[in-house]
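The values are calculated or read from the model by the stated rules, or taken from the named source; none is laboratory data. Please read these numbers as outputs of a predicted model, since none were measured by experiment. Every residue, glycine as well, gets a Cβ built from its backbone with ideal geometry; the counts of neighbours run over all protein chains shown.
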Amino acid sequence: MSVEPNILIVGDEELLVERAIGDVVASVRAGDPEAEVIDLGPGGLEPGRIAELTSPSLFGAGKVLVLRAAQDLGKDLTAEVLAYAKQPADDVVLVAVHHGGAKGKALVDGLTKLKARKIACPKITKMGERVDFVRAEVRRAGGKISADGARGLIEAVGNDLRELAAAGNQLVADTGGKIDDAAVARYYRGRAEVSGFTVADKAIEGQLAEALEQLRWALATGVAPVLIVSALAQGVRGLAKVGGAPRGARGAALAKDLGMPPWKIDRVQKQLRAWSADGVAQALTAVAKADEQVKGGSADPAYALEKTVAEIVAARG
């Protein structure tokens, strides 16, 4: 059998774990279409059963034995699994799924020493990791998406990996493969509120019509004017902070000094190319005035916000 006899999947990102198991089964069945899959959930393994499950099939077909929640096996069952893994059967692939962490670490250590193939499926928690996931999903489906497009999709769809994977695949099918911000907005704008940060990014990038459209949508879906002003202020202050950073500062040190994630700094640096120091100062004045107006200084906060967006775009020029 060409697939490694012992495979260790470590991590608790459900979608990635299921895919890893699916990939192993597909690889086994590519060479043995009749291979049996034995999928044991928590508590599904009893003492002495490993020998029974790994015994040769009457029909000569191979087996894939999946042990889920392997961190809960306990000392005796762990020893039994490791004893088998030292001398695995020729036609059986053992797949141990461990959630990670200290519990049941003896199994992880033992299989690692036996040179089991290890597949990491850690929880995806950071924005940058989700962006990478979305871009990889789109590539897997035969398409291409920019980092900004991936962030836009995450903002619209949410953080669930299954939904993101499905959305990425659907966009590839709908667009022919090349996915940009406009495509994400066109297909997914109605799925979530437009945030103030979407408005801010469009304004800072000089896209007046798009910024105003996003602003009106945000107000129509109930985003408070004060939150939109806050986002505009953060966006413009980001320009000032990154623009004022010492020359040569970069990477993690710069992110720590500015209190901004690296991906955000990269985006602001790109935005800054079209801004002058005077323009940033004018935009800061505009958002300060807008803050006062939406907090009671204006009878029409929506108009005040539209005017502020226009002033930010003009300052950029």
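Scanning the range 294-317 for residues that are of a type in the set (S, T, N, Q) and surrounded by fewer than 20 Cβ atoms within 10 Å (Cβ to Cβ) yields a count of 1. Does the range 201-208 contain any residue that is modelled with pLDDT of 75 or more, outside any helix (DSSP H, G or I) and touching a Lys or Arg at 6+ places or on another chain (Cβ under 6 Å)? The answer is yes; a qualifying residue exists.
Residue selection: VAL17 fails the criterion of being closer than 28 Å to ARG140 by Cβ, assigned to a strand (DSSP E or B), within 32 Å of the chain's Cα centre (by Cα) and not assigned by TED's automatic domain parsing to the domain that holds LEU161.
Conditions (1) buried (at least 18 other Cβ atoms within 10 Å of the Cβ); (2) over 20 Å from ASP181 (Cα atoms), marked per residue:
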residue: GLN214; (1), (2): yes, no
residue: VAL229; (1), (2): yes, yes
residue: PRO262; (1), (2): no, yes
residue: ASP278; (1), (2): no, yes
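Those residues that are outside any loop (DSSP other than H, G, I, E, B), surrounded by 13 or more Cβ atoms within 10 Å (Cβ to Cβ) and modelled with pLDDT under 90, I need them from the range 51-73; list them, please. The one that is outside any loop (DSSP other than H, G, I, E, B), surrounded by 13 or more Cβ atoms within 10 Å (Cβ to Cβ) and modelled with pLDDT under 90: LEU53. Residues considered: GLY296, GLY279. Of these, the only one that is touching a Lys or Arg at 6+ places or on another chain (Cβ under 6 Å) and outside any loop (DSSP other than H, G, I, E, B) is GLY279. You will find that of ASP132, ASP148, the residue that is of a type outside the set (Phe, Trp, Tyr), touching a residue at least 40 places away in the same chain (Cβ under 8 Å) and not in a loop (DSSP other than H, G, I, E, B) is ASP148 and no other.
Condition check ((1) assigned by TED's automatic domain parsing to the domain that holds ALA304; (2) out of contact with any Leu (no Cβ under 7 Å at 6 or more places or on another chain); (3) outside any helix (DSSP H, G or I); (4) more than 23 Å from LEU239 (Cβ to Cβ)) across all residues:
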{"site": "ARG162", "(1), (2), (3), (4)": "no, no, no, yes"}
{"site": "ASN169", "(1), (2), (3), (4)": "no, yes, no, yes"}
{"site": "GLN214", "(1), (2), (3), (4)": "yes, yes, no, no"}
{"site": "LEU219", "(1), (2), (3), (4)": "yes, yes, no, yes"}
{"site": "ILE228", "(1), (2), (3), (4)": "yes, no, no, no"}
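Does any residue of the range 209-230 turn out to be modelled with pLDDT under 85 and of a type in the set (D, E, K, R)? No, every residue in the range 209-230 fails to be modelled with pLDDT under 85 and of a type in the set (D, E, K, R).
For the range 231-251, filtering for residues that are modelled with pLDDT of 90 or more and in a loop (DSSP other than H, G, I, E, B) leaves 0.
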